[in-house]
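J.: One structure, as C-alpha cells, below. Some questions next.
Readers should treat all values here as calculations from the given coordinates under stated rules, not as data from a laboratory. None of the values given here were measured: they were computed from a predicted structure. Here Cβ is always computed from backbone atoms with ideal geometry, including for glycine, and neighbour counts include all displayed protein chains.
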C-alpha cells in the first residue's frame, strides 16, 4: 500500500519555496521610491468558538490608531496605514517594507456587527465576532 502525498503539505512547501525566491530577489533590489504604496495582505486564522467567531490577523508594527476595521453581518475588512520611517540607513537587505495592509474576509455565518470587539497586542489583532441568531437553512419546494 503506497502513501499518497499530502496535497496540503505539498502546497505549503511550494509556497515556502516561492516565498524564499521572491524574498531573496527583493532583498537585493534597491528600495523603490513608492515603497509606501505597497499594500500587504496579512495572514489570518478564523476560528469557530461556538457562539462567536474569532478572527486573528497578523499586523506587526501597526498601532491601534493606524488600524481600521469595518464590519457587516457577513464580512470584515481590515485596513492599516503607518507612517513610513525614514531612518537614513543604507539597507543591505530589507524585507519589512509594508506600510499599508488590507484584508477582506467573507464570513461563513452572519454576525452581529454592533457587538464586535477588537484587541491589538504584540502585533496580533484579535477580532471577536458574535454570531447572529437565526440564519437557519430552509429547503424551499419548487413549484
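J.: Would you order 39, 67 from fewest to most other beta-carbon atoms within 10 Å of each residue's own beta-carbon?
T.: Ranking 39, 67 by Cβ neighbours within 10 Å, fewest first, gives 39, 67.
J.: Quote to one decimal, in nm, the extra length available between residue 68 and residue 110 on full extension: 0.36 nm per residue of separation minus the C-alpha distance between them.
T.: Difference between extended and current length: 13.1 nm.
J.: For the residues 119, 78, what sequence is obtained by ranking on other C-beta atoms within 10 Å, fewest first?
T.: Arranged by neighbour count, lowest to highest, 119, 78 become 119, 78.
J.: Using Cβ counts within 10 Å as a stand-in for footprinting exposure, how do 107, 14, 129, 53 rank, fewest first?
T.: The order, fewest Cβ neighbours first, is 14, 107, 53, 129.
J.: Between residue 56 and residue 77, how many nm apart are label points set 7 Å from Cα along the C-beta direction?
T.: Label at residue 56, label at residue 77, 2.6 nm between them.
J.: What FRET efficiency comes out for residue 119 versus residue 19 if R0 is 22 angstrom and r is the Cβ-Cβ distance? Round to the nearest 0.05.
T.: 0.20
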